[in-house]
Amino acid sequence: MNFGATILDADGLTLSIDEKAFFREADPFGFILFARNIDTPDQVYGLCCEMRDAVGRDAPITIDQEGGRVQRLRGPTWTEHLPPLDFVQRAGDNAERAMYLRHRHIAYELKALSIDSNCAPMVDIIVKQTHDFLRNRCYGTSPADIALLGRAAANGMLDGGVLPVLKHIPGHGRTDLDSHYDLPRVDVSLDTLRETDFAPFRALNDLPMGMTAHVVYEAVDEVPATLSRDTMTLIRDEIGFDGLIMTDDIGMKALRGTVDQIARRSLEAGCDVILHCNAPLASRITSANAAGPMSDTAQRRAEAALAARRTPDDIDIVDLNAELEALLGGDV
């Protein structure tokens, strides 16, 4: 039986009886954690165990731990990281090595909690109109440099036993709207997109998982990438990404329609799995029922992604942090 074509979240610090029953029935491919799910290390570890027990397997559990504004594990219990752009600028010529160490450190903290995936690297490019919700989460303005830093981040996580999720395919940087609230549109030519926005994703097309952008690329289609068969075909055939593709959260206001309609349209367009979070349980049940089990092709990609999980290499975290501090000229 194929996994359910969903990645889902929980309401609190532990699973409710209803959530356990739902997850057992829906068998989601994986789970995602948010700040409301985070208290102490023992509690987070216990929640991860509950989630996996509910589906009866070692399901992947992901999180947004980019650093800066977007990180769910916060100080003083866990490390507070600079926003990615500030970090890259501070590291200067040492940015590639520093980015690897930063994400190896992130993986170290995640893996200790039994979290084995992270929604990073984010290789969206900065342009003049990049919206503030995204700008300091980016790595820079040069597609080649962004790809280099994205590869370093991904390698740091993979070496630490954490699966990276490449986002937001095929590029969210050239937008002046926040897709949590509005539908962004990109009106530049396909040639420009190929040379800039798409380039870092093409360079990292071998990563095991990716996440879509809720963005309309007018040179390709008139509907958001998540719902666009033409854009998803471009991602697969031209960008060459054959990893598991999850949607960005289908509850975001960039997408119009009911959650069951959006779930079905996303999968019909070519996404492998829908991400539905920050919604009432009844809404998550509706989307999971609409999504159903993964297609055979999606199941193959899911199994390949899980096979990319590694046993973490041995590190001395004290030495790692000392090297990182030296590269940054101060605190991590």
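FYI, it's all coordinate maths here, none of it is from the lab. Keep in mind it's a predicted model, so treat the numbers as computed, not measured. Here the Cβ is made from the backbone with ideal geometry for all residues, glycine too, and neighbour counts use every protein chain on show.
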**Request:** With only alpha-carbon atoms counted, please give the Rg and Dmax of the chain, in Å.
**Result:** 18.6, 52
**Item:** Paramagnetic reach from residue 176 (point 7 Å along Cα→Cβ, amide N under 13 Å) across segment 128-159
**Value:** 128-132
**Asked** Charges only on Cβ, +1 for Lys and Arg, -1 for Asp and Glu: so what's the dipole of segment 207-332 about the Cα centre, in debye to the nearest 20?
**Response** 840
**Message:** Which residue, 48, 7, 155, has the largest displacement toward the positive end of the dipole of the chain when charges sit on each Cβ (Lys, Arg +1; Asp, Glu -1)?
**Reply:** 7
**Request:** Name the long-range amide H neighbours of residue 6: under 5 Å, sequence gap of 5 or more, or other chain; modelled H, no Pro or chain starts.
**Result:** 29, 30, 274
**Request:** Just rank 215, 186, fewest to most, by other beta-carbon atoms within 10 angstrom.
**Result:** 186, 215
**Message:** Please compute the modelled spin-label separation between residue 53 and residue 191, points set 7 Å along Cα→Cβ, answer in nm with one decimal.
**Reply:** 6.0
**Positive minus negative residues near residue 301 (Lys, Arg vs Asp, Glu; Cβ under 11 Å)** = -2
**Proximal lysines to residue 253, defined as alpha-carbon separation beneath 25 angstrom and excluding residues fewer than eight positions away on the same chain** = 128, 167
**Message:** Cα atoms only: what Rg and Dmax, in Å, come out for segment 190-332?
**Reply:** 18.5, 52
**Prompt:** Which value, in debye to the nearest 20, describes the size of the charge dipole of the chain about its Cα centre when Lys and Arg Cβ atoms bear +1, Asp and Glu Cβ atoms bear -1, and nothing else is charged?
**Reply:** 360
**Request:** With θ set to phi - 60°, apply the Karplus curve 6.51 cos²θ - 1.76 cosθ + 1.60 along segment 113-125 and write out the HN-Hα couplings as whole Hz, x wherever there is a Gly or Pro.
**Result:** 9, 6, 8, 10, 8, 9, 7, 6, x, 9, 10, 5, 8
**Asked** Measuring from the lowest to the highest alpha carbon on each principal axis, how far does segment 1-129 reach, largest first, in angstroms?
**Response** 50, 31, 25
**Prompt:** Under a point-charge model restricted to the Cβ atoms of Lys and Arg (+1) and Asp and Glu (-1), what is the dipole moment magnitude of segment 1-159 relative to its Cα centre, in debye to the nearest 20?
**Reply:** 480
**Item:** Listed peptides 92-99, 314-321, 203-210 by packing density, highest first (mean Cβ within 10 Å)
**Value:** 203-210, 92-99, 314-321
**Item:** Mean residue ellipticity (222 nm) of the chain, computed from DSSP H runs ≥ 4 via -39,500 (n - 2.57), nearest 500
**Value:** -12500 deg cm²/dmol
